[in-house]
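**Student:** The structure is given below, and queries will be raised subsequently.
The values are calculated or read from the model by the stated rules, or taken from the named source; none is laboratory data. Keep in mind that this is a model prediction, so the values were computed, not measured. Cβ placement follows ideal geometry from the backbone for every residue including glycine, while neighbour counts extend to all protein chains displayed. These area figures cover heavy atoms from the full protein model, side chains too; ligands, DNA and RNA do not enter into them. Shrake-Rupley method; radii C 1.70, N 1.55, O 1.52, S 1.80 Å.
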Amino acid sequence: MIQIAVFASGSGSNFQALVDAVESGELNARIALLVCDRPNARVIERAREHGVPAFIFSAKDYDGKAHFEREIVAELEQREVDFIALAGYMRLIGDTLLSAFEGRIVNIHPSLLPAFPGVDAVGQALEAGVKVSGVTIHFVDAGMDTGQIIAQQAVPVFEDDNHEQLQNRIQKVEHELYPKTVEELIQRREIHLCQSNER
Ligand code: GRF
């Protein structure tokens, strides 16, 4: 069984969607760990409710990214994690994690990349006045939302949309697309077990 770590910083509705898909049998994997960099984030509560262990840290307690990423990698290896799904993790992944998990990290972003990378993609879409935005799932590289695109789905933007309305419409799509895409990657064997995990 593929072991997934989900990284999140906030509410965790996508974490929830992945957990729900595992529990319903739609996603053939195990959520082995939550990694969270905000000790008060709502996602921690969600993990607790579903018995998912959490590695929680504050970047300010470390001397730089390489330092906390080394600890994260140790935790991931100890739990035999095969694959990382970023779900609202508000940090760029550094070399330490990227080289340990090369080709095994994906992210979900609330726009049709390469349009509107970075923070507040929903606000950027409203500001630009586009009629269509959407959701992208992509492999993670060293850039900001720049890795190879795996799946995209368009979401209409209506004339009188406010931020919350558009965000809700996008998130509804995210919650279906993320588990479905991760399952497809597993089926296509684009995500595989780490050697130590071949059991
Ligand atoms: C999602 O919109 C995701 O696309 C972006 O951050 C948001 C996280 O939301 N990367 P949630 O914490 O999963 O509710």
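**Student:** Please count how many residues of segment 55-84 are over 20 Å from Val106 (Cβ atoms) and among the aliphatic types (A, V, I, L, M).
**Tutor:** Total meeting the criteria: 4.
**Student:** Name the single residue that is farthest from the ligand (Cβ to nearest atom) among those in segment 105-121 being part of a strand (DSSP E or B) and out of contact with any Asp or Glu (no Cβ under 8 Å at 6 or more places or on another chain). Working first, answer last.
**Tutor:** Within segment 105-121, the subset part of a strand (DSSP E or B) is 105-109.
Filter once more, keeping what is out of contact with any Asp or Glu (no Cβ under 8 Å at 6 or more places or on another chain): 105-106.
On the way: Ile105: 13, Val106: 11 Å.
Looking at the filtered set, the residue picked out is Ile105.
**Student:** Still on this structure, I have one more. So, Thr136, is that one in a loop (DSSP other than H, G, I, E, B) and under 30 Å from Ile2 (Cα atoms) or not?
**Tutor:** Details: in a loop (DSSP other than H, G, I, E, B): no; under 30 Å from Ile2 (Cα atoms): yes.
No; evaluated as a whole, the condition is false for this residue.
**Student:** Within segment 10-18, does at least one residue satisfy the condition of being open to solvent by 40 Å² or more (accessible area, probe 1.4 Å), assigned to a loop (DSSP other than H, G, I, E, B), among the hydroxyl-bearing types (Ser, Thr, Tyr) and within 14 Å of the ligand (Cβ to nearest atom)?
**Tutor:** If we filter segment 10-18 for residues that are open to solvent by 40 Å² or more (accessible area, probe 1.4 Å), which is where we start, we get 11.
Among the residues that remain, those that are also assigned to a loop (DSSP other than H, G, I, E, B) are: 11.
Going one step further and asking which of them are among the hydroxyl-bearing types (Ser, Thr, Tyr), we end up with 11.
With the extra rule that they be within 14 Å of the ligand (Cβ to nearest atom), the set shrinks to 11.
Yes, the conditions are met somewhere in segment 10-18.
**Student:** Can I ask one more? Any chance segment 139-151 includes a residue that's within 26 Å of Leu185 (Cβ to Cβ), in contact (Cβ under 8 Å) with a residue 12 or more places away in the chain, assigned to a helix (DSSP H, G or I) and open to solvent by less than 20 Å² (accessible area, probe 1.4 Å)?
**Tutor:** No, the conditions are met nowhere in segment 139-151.
**Student:** Filter segment 37-72 down to residues that are among the acidic types (Asp, Glu) and within 16 Å of the ligand (Cβ to nearest atom) and give me whichever is least open to solvent (accessible area, probe 1.4 Å).
**Tutor:** Just the residues of segment 37-72 that are among the acidic types (Asp, Glu), to begin with: 37, 45, 49, 61, 63, 69, 71.
Filter once more, so that each one left must be within 16 Å of the ligand (Cβ to nearest atom): 37, 45, 49.
Details: Asp37: 10, Glu45: 78, Glu49: 114 Å².
Going through the qualifying residues, I end up with Asp37.
Rundown of residues vs (1) more than 13 Å from the ligand (Cβ to nearest atom); (2) within 24 Å of Phe55 (Cα to Cα); (3) touching a Lys or Arg at 6+ places or on another chain (Cβ under 6 Å), yes/no style:
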| residue | (1), (2), (3) |
| --- | --- |
| Leu92 | no, yes, no |
| Ala125 | no, no, no |
| Gly143 | yes, no, no |
| Val155 | no, no, yes |
